[in-house]
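The values are calculated or read from the model by the stated rules, or taken from the named source; none is laboratory data. Keep in mind the model is a prediction, meaning the values are calculated, not measured. Glycine also receives a Cβ, built like all others from the backbone with ideal geometry; neighbour counts cover every protein chain displayed. Accessible surface is based on the protein model in full, side chains and every heavy atom, while ligands, DNA and RNA are left aside. Shrake-Rupley method; radii C 1.70, N 1.55, O 1.52, S 1.80 Å.
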Amino acid sequence: MKPTTTAPPGVPPAPGGGRSAPYDAFHTARARTDLAARLYAAAMGEDYPAEVAASSSCDWPLLGLMTARLRMRPGRLLVDAGCGTGGIGLWLARALSLRLEGFDLSPAAVAQAAVRRSRFGMSAARAAFRVAELERTGLSDGCAHGIVCVDALGGAADRGAALRELGRLLGPGGRLVMTRASRQSSTPAWMEQARAAGLMVEHVDERPAEPALWERLYRLWIAHADELRSELGEVQAQNMLREAHRVLPTLPGRRAVLLTLRRPATTPAWPGAADTMTGPGRHPDERIPQ
């Protein structure tokens, strides 16, 4: 996965109505073999959360940091934005006794997430998944007490619109925790982007080990090129190898952080705001594609 996008390993964003096709191809290929998971595990070492099995930079330190920054009470609703196959949201929801609503652009990923919830001891009533884009979630105003967005915002067609949409979902006092990256030599516009979404920056946690993680992973892809071709197919393998060679030279100048954005507690609640919503997947006139 390119560290600054939502695409899985070797999957570039596709324009227009066919944007989900490359993601679907990746998730379908990965479901046939554990090779990708084994390479992530090798790159992360003891920091690899095997149960989560995310195609992202989500390791044990990040899971712990997100848990602390969310500060959510049991029974509240967590939204996993760009959830992939659901591991991050399911792990957090189980650990914190939360309700979960996850969404992703890829129908293949969403289908796999729905299957995985039973492995976390979660029912469909407690953990729901839908197909949706970051800019158009289909969720209610103020429905969420917390949102996680890991390595996903960069793949949005319009990052500003996506952040405003995620801000719309937060009830007063709710928090959005999201991974972001920039060049070390640049001044990121995180403060202005948060303000445009009606949010404030509460914490900026540096992740200094993240670029080295991607370097180890990309070098493993290159070293295991023949296995990638054999188990994932020529197209997926070539995409992954091309990405590895393209991104590796950029990693030394990369700055990675976890941003915690908060909607002020004094913001008036919208109709159907977080403390009054009926539960994940039960919004009026909405159905969750499976």
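Quick notes on this one:
- None of Val201, Val257 is within 29 Å of Gly173 (Cα to Cα), open to solvent by less than 50 Å² (accessible area, probe 1.4 Å) and in contact with a Phe, Trp or Tyr (Cβ under 7 Å, 6 or more places away or on another chain) except Val201.
- Of all the criteria given as (1) in contact with a strand residue (DSSP E or B) (Cβ under 7 Å, 6 or more places away or on another chain); (2) not in a helix (DSSP H, G or I), the one not satisfied by Met191 is (2).
- Scope region 164-180; condition open to solvent by 30 Å² or more (accessible area, probe 1.4 Å) and either part of a helix (DSSP H, G or I) or touching an Asp or Glu at 6+ places or on another chain (Cβ under 8 Å) (or both); matching residues: Arg164, Arg168
- Whichever residue in region 140-149 is outside any strand (DSSP E or B) and open to solvent by less than 10 Å² (accessible area, probe 1.4 Å) and, among such residues, is farthest from Pro172 (Cα to Cα): Cys143
- So Leu232, is it aliphatic (A, V, I, L, M) and modelled with pLDDT of 95 or more: no
- Residues of region 84-126 that are over 23 Å from Tyr48 (Cβ atoms) and either buried (at least 24 other Cβ atoms within 10 Å of the Cβ) or touching a strand residue (DSSP E or B) at 6+ places or on another chain (Cβ under 9 Å) (or both): Leu98, Arg99, Glu101, Phe103, Leu105, Pro107, Val110, Ala111, Ala114, Ala125, Arg126.
- Residue check, Arg282 within 30 Å of Arg69 (Cα to Cα), open to solvent by 40 Å² or more (accessible area, probe 1.4 Å) and either modelled with pLDDT of 95 or more or touching a Phe, Trp or Tyr at 6+ places or on another chain (Cβ under 7 Å) (or both): no
- Flag if Gly64 is modelled with pLDDT of 95 or more and either among the hydrophobic types (A, V, I, L, M, F, W, C) or more than 17 Å from Leu258 (Cβ to Cβ) (or both): no
- Among residues of region 64-83, those that are open to solvent by 20 Å² or more (accessible area, probe 1.4 Å) and more than 24 Å from Ala36 (Cα to Cα), counted: 10
- The residue that is nearest to Ala162 (Cα to Cα), among those in region 127-138 that are assigned to a strand (DSSP E or B) and open to solvent by less than 10 Å² (accessible area, probe 1.4 Å), is Phe129.
- Test set (1) closer than 17 Å to Arg262 by Cα; (2) aliphatic (A, V, I, L, M); (3) within 18 Å of the chain's Cα centre (by Cα); (4) open to solvent by 20 Å² or more (accessible area, probe 1.4 Å) - Met191 fails condition number: (3)
- Residue in region 225-240 that is of a type in the set (S, T, N, Q) and open to solvent by less than 30 Å² (accessible area, probe 1.4 Å) present: yes
- Scanning region 214-239 for residues that are outside any helix (DSSP H, G or I) and at negative phi yields one hit, His224.
- When the test is whether a residue is touching a Pro at 6+ places or on another chain (Cβ under 7 Å) and more than 23 Å from Glu202 (Cα to Cα), Arg99 passes it.
- Thr85 meets all of the listed conditions (1) modelled with pLDDT under 95; (2) in a loop (DSSP other than H, G, I, E, B) but one, namely (1).
- Within region 157-173, residues that are within 15 Å of Gly82 (Cα to Cα) reach partners that are surrounded by fewer than 17 Cβ atoms within 10 Å (Cβ to Cβ) with beta carbons closer than 6 Å, at six or more positions or on different chains, in the pairs Asp158/Glu135; Ala161/Glu135; Ala162/Glu135; Glu165/Glu135; Gly167/Gly198.
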